[in-house]
Amino acid sequence: MRVGIGYDSHRFDDGRPLVLGGVTIPDGPGLAGHSDADAVAHAVTDAVLGAGALGDIGRHFPDTDPANEGADSIEMLGAVVRRIQAEGLRVVNVDVSVIAERPRIAPHVEGMRARLAAALGTESSAVSVKGKTNEGMGWIGRDEGVAVIAVASLASTRDDPDTS
Ligand code: MG
């Protein structure tokens, strides 16, 4: 069993759509960023890479690379999952906390769980997404942006029962 942690933050940008966990959320300001700025997908990607000791999202998808401009972060997560699978690892579960004063996360949790699970190669039941506010404190409390913390656990596929 291997465990990794991921963290990401993005500043609000009213001129862009808000995408979190692969779900476009209509009732919130968007996020600034080189890709689609999906802070949930980015934190989960770093948690998966961390568990595999395979570096971080910036190493695999540099924001200096024009190919990553406006990129679909769920696709980047899927690519990282294929990478850890090539290392003989699979995702067991993921837990995510989204910290922001707005928008409300709860109405979008099931959609995010489904999109993340599809990219992670797991069931939705192995993916947890929770929303919290920062009680008005600090930059999050001033409504400047979103922070996300994610934890992922991986297991070796060599321990899986042989189904062939
Ligand atoms: Mg990011």
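Each value in this text was obtained by applying a stated rule to the coordinates, not by laboratory testing. All figures in this text were calculated on a predicted structure; none of them were measured in a lab. No Cβ is skipped: glycine too gets one built from the backbone with ideal geometry, and neighbour counts run over all protein chains shown.
Structure values in brief
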read-out	value
Stretchable slack from residue 143 to residue 68, in nm (0.36 nm times residue separation minus alpha-carbon distance)	24.3 nm
Candidates 136, 52, 30: whichever shows maximal mean-square fluctuation once the chain is modelled as a Gaussian network with Cα springs under 10 Å	136
Value of [θ]222 nm, deg cm²/dmol, for the chain, DSSP H segments ≥ 4, -39500 (n - 2.57) each, nearest 500	-8000 deg cm²/dmol
Mean projected area in nm² (Cα convex hull; one quarter of hull surface) for the chain	9.7
Residues with amide H under 5 Å from that of residue 36, placed H, sequence gap 5 or more	70, 71, 73
Distant-in-sequence amide H partners of residue 128 (H built 1.01 Å from N, under 5 Å)	94, 95, 96
The stretch 64-82-the stretch 1-24 distance, computed between alpha-carbon centres (Å)	13
Karplus-derived 3J(HN,Hα), 6.51/-1.76/1.60, for each residue of the stretch 5-16, Hz, glycine and proline x	10, x, 9, 8, 9, 9, 7, 5, 9, 4, x, 10
At most 14 other Cβ within 10 Å, DSSP loop - GluC sites (Glu not before Pro), the stretch 55-87	69, 87
Listed residues 65, 13, 27, most fluctuating in the chain (Gaussian network, C-alpha, under 10 Å)	65
Prolate/oblate/rounded label for the stretch 42-131 (Cα gyration tensor, a/c 1.5)	oblate
Cα gyration tensor shape of the stretch 101-145, rounded if a/c is under 1.5, else prolate or oblate by comparing a/b with b/c	prolate
